[in-house]
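Written below as structure tokens is the structure these notes are about.
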Amino acid sequence: MNLSVKIGSLTLQNPVTVASGTFGYGAEYAPLIDLNQLGAVVVKGIRLQPVRGNRTPRTFEVTSGLLNAIGLQGPGVDGFIRKYWPFLKELKVPTIINIWGTTVEEYAEVARRFDTLGGVGALELNVSCPNIKEGGAQFGTDVKLLSQVVAACRKATQLPLITKLSPNVVSIAPYAQAAEAAGSDALSIMNSFPAMAIDIATRRPRLANVTGGLTGPCIKPIAIKLVWEAAKAVKIPIIGMGGIQNAADAIEFLLAGATAVAVGTANFYEPQTALQVIAGLRQFMQQQRLQDVRDLVGQCR
């Protein structure tokens, strides 16, 4: 069976990756999972300079999901290259680096820095994080700004570009089309939903940031819909994510039109989830007598 897929010029040995922000920088999960069995390792968002993130508490579990407001804490480009890149560059599978900025120029500069690094698999443009005051979602909910940041990064790098879109729009199609037209090689769909929880005893929000991003199994039906809508609007590959817990969940995304998938929140409570998804996908293909995983893509009738 052939499980390999292409994301732009990047070839993945299988279509199962991990979602940025849920897998650290790969090294944290190395004692728990064979990283070289994944399609790719996707790391936490990197900005030009280090970011401390939001105050704690920054996570809270809700029914069938998780609220988080980490605030894109990270070591910055130089810190990432110094501390994490020596480990990641030795992996047999590609590393996809999630990048962000507060201006179009900053996005482009981060892309340029990683373009010269050598060995990077692809860049994922985070234009959809709801948990920071500047940058992030402001680019993902304005078609013009989205086009500008993708085009600027396209000029700054020859690496494959994957644009991670926001779900917080009336229709995802125009944003998917704008990213494609500006030079994005693929799309990641989707990021978290702004949400909130309150402690009734203290009458205070559960998160120090007051609101956070909702992820986990509860958002999967929405994510499936967005992938399906975007797949009808563009020709570039889509990496689908949102609530994947097992192979059946992943196959839903493929049938909706995703070329690859990413396991996110499940990594926190079952680090082996991505490998279980790969094994379950193989089993399903055997049962269905499928020789190529691409025969599942977009086959929802």
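Values quoted throughout were computed directly from the atomic coordinates according to the rules given, and no laboratory measurement underlies them. Keep in mind that this is a model prediction, so the values were computed, not measured. Because the Cβ atoms are built from the backbone with ideal geometry, glycine has one as well, and the counts that use them run over all protein chains shown.
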14 Å Cα-Cα reach of K92 towards aspartates and glutamates, excluding residues that sit fewer than 8 places from it in its own chain: D34
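Among DSSP beta bridges whose residues both lie in the chain, state the antiparallel percentage, nearest 5. If you can, show how the numbers build up before the last one.
Working: 17 of 42 bridges.
Roughly 40 percent of the beta bridges in the chain run antiparallel, per DSSP.
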Between the residues Q148, T102, A233, the Cα farthest towards the positive end of the dipole of the chain, that dipole coming from +1 and -1 charges on the beta-carbon of Lys, Arg, Asp and Glu, is from T102
Just to be sure I understand: of the beta bridges DSSP finds with both ends in the stretch 86-239, what percent are antiparallel, rounded to 5? 30
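Could you work out [θ]222 nm for the chain from helices alone, using -39500 (n - 2.57) per DSSP H run of at least four and dividing by all its residues? Round to the nearest 500 deg cm²/dmol.
On the way: 10 runs with 95 residues, N = 301.
The per-residue figure over the chain is -9000 deg cm²/dmol.
Using the Cα centre of the stretch 209-301 as the reference point, and only Cβ charges (+1 on K/R, -1 on D/E), how large is the resulting charge dipole? Debye, rounded to the nearest 20. Don't skip to the end; give the middle numbers.
Numbers: 8 positive and 6 negative charges, 52 e Å.
So the magnitude is around 240 debye.
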Nearest-5 percent of antiparallel DSSP beta bridges in the stretch 162-220? 65
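Treating only the Cβ of Lys, Arg, Asp and Glu as charged (+1, +1, -1, -1), what charge dipole size does the chain show about its Cα centre? Round to the nearest 20 debye.
Numbers: 28 positive and 21 negative charges, 53 e Å.
So the magnitude is around 260 debye.
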